[in-house]
Amino acid sequence: MILITGCARSRTSMTTAMLQACGANLGRPADVNTLYENLSVRQTILKPMISRFGGDPLGQTHFPNANAVKPVEGLKFRALDALGGPRADLAYKDAKLSLVWQSWADAFPEAKWVIVRRPREGIIDSCIRTHFMRAYGDSRAGWGSWVDAQVARFDAMKAAGLDLIEIDTDALVADPGLFEPVAAHCGLEFDRAAVAACIRPRARG
């Protein structure tokens, strides 16, 4: 299982598109939206899990207390079923995965994690510009604290020894070749042309 997460507005969708271009399977095509999220998993498993542990299911106004997140019985089988069954190249992406990463790491101890990174100010700028990111309006301080709280979770994931790789998407936009070690980490075949095609003109700005 490949699990992809990162702050919202850090180009997690672009990164997942690149993984798919290299052979990752995101589940049944009818369940995958334009942001490369599997809606079956997001709506029936991930959002209820975040709520269960005391967080905002949208991942904006408040996060679960890290100490409250526990293993979830049956998570592995439910997630695999929602994704269409076990496969070596199966992948699931959601920025909110980092809010309950402990549960997913327990269910999938052999998972290959991809943490998508982008410079803090770029994420803040994008949040302010994006209509569905409403929690802090145009407050740079508010969005900055929101980013910092998620970075603390990424640090905890690294400290826990998860099998993960990080990718800076500003650098990736400038040089698609930097995706090769990400594909290798996930057991996929790197396709530079297909990866480069996932970079939309807007991402270069």
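The values are calculated or read from the model by the stated rules, or taken from the named source; none is laboratory data. All values reported here derive from a predicted model rather than from experimental measurement. A quick note on method: Cβ atoms are made from the backbone with ideal geometry, for glycine too, and the neighbour counts reach across all protein chains shown.
Quick one: Thr61 ticks every box in (1) part of a helix (DSSP H, G or I); (2) loosely packed, with under 14 Cβ neighbours inside 10 Å; (3) hydroxyl-bearing (Ser, Thr, Tyr) bar one, so which box is it?
Here Thr61 clears every test but (1).
For every residue, the table says whether it meets (1) within 16 Å of Gly122 (Cβ to Cβ); (2) among the hydrophobic types (A, V, I, L, M, F, W, C).
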{"site": "Asp148", "(1), (2)": "yes, no"}
{"site": "Leu172", "(1), (2)": "yes, yes"}
{"site": "Glu189", "(1), (2)": "no, no"}
{"site": "Ala194", "(1), (2)": "no, yes"}
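Within region 115-161, track down each residue that is in contact with a Cys (Cβ under 7 Å, 6 or more places away or on another chain), within 30 Å of Pro181 (Cα to Cα) and of a type in the set (A, V, I, L, M).
Matches in region 115-161: Ile123, Val147.
Please determine, by comparing only the residues of region 75-91 that are in contact with a strand residue (DSSP E or B) (Cβ under 6 Å, 6 or more places away or on another chain), within 26 Å of Ser10 (Cα to Cα) and not acidic (Asp, Glu), which one is surrounded by the most Cβ atoms within 10 Å (Cβ to Cβ).
So, considering only residues that are in contact with a strand residue (DSSP E or B) (Cβ under 6 Å, 6 or more places away or on another chain), within 26 Å of Ser10 (Cα to Cα) and not acidic (Asp, Glu), the one surrounded by the most Cβ atoms within 10 Å (Cβ to Cβ) is Ala91.
Restricting attention to region 152-205, and to residues there that are more than 18 Å from the chain's Cα centre (by Cα) and basic (Lys, Arg), which single residue is modelled with the lowest pLDDT?
Looking at residues that are more than 18 Å from the chain's Cα centre (by Cα) and basic (Lys, Arg), I get Arg204.
Restricting to region 106-131, count the residues that are free of Cβ contacts under 8 Å to residues at least 60 places away in the same chain and either within 14 Å of the chain's Cα centre (by Cα) or in a loop (DSSP other than H, G, I, E, B) (or both).
Of the residues in region 106-131, 3 are free of Cβ contacts under 8 Å to residues at least 60 places away in the same chain and either within 14 Å of the chain's Cα centre (by Cα) or in a loop (DSSP other than H, G, I, E, B) (or both).
What is the one condition in (1) touching a residue at least 40 places away in the same chain (Cβ under 8 Å); (2) out of contact with any strand residue (DSSP E or B) (no Cβ under 7 Å at 6 or more places or on another chain); (3) under 17 Å from Ala17 (Cβ atoms) that Cys186 does not satisfy?
(2)
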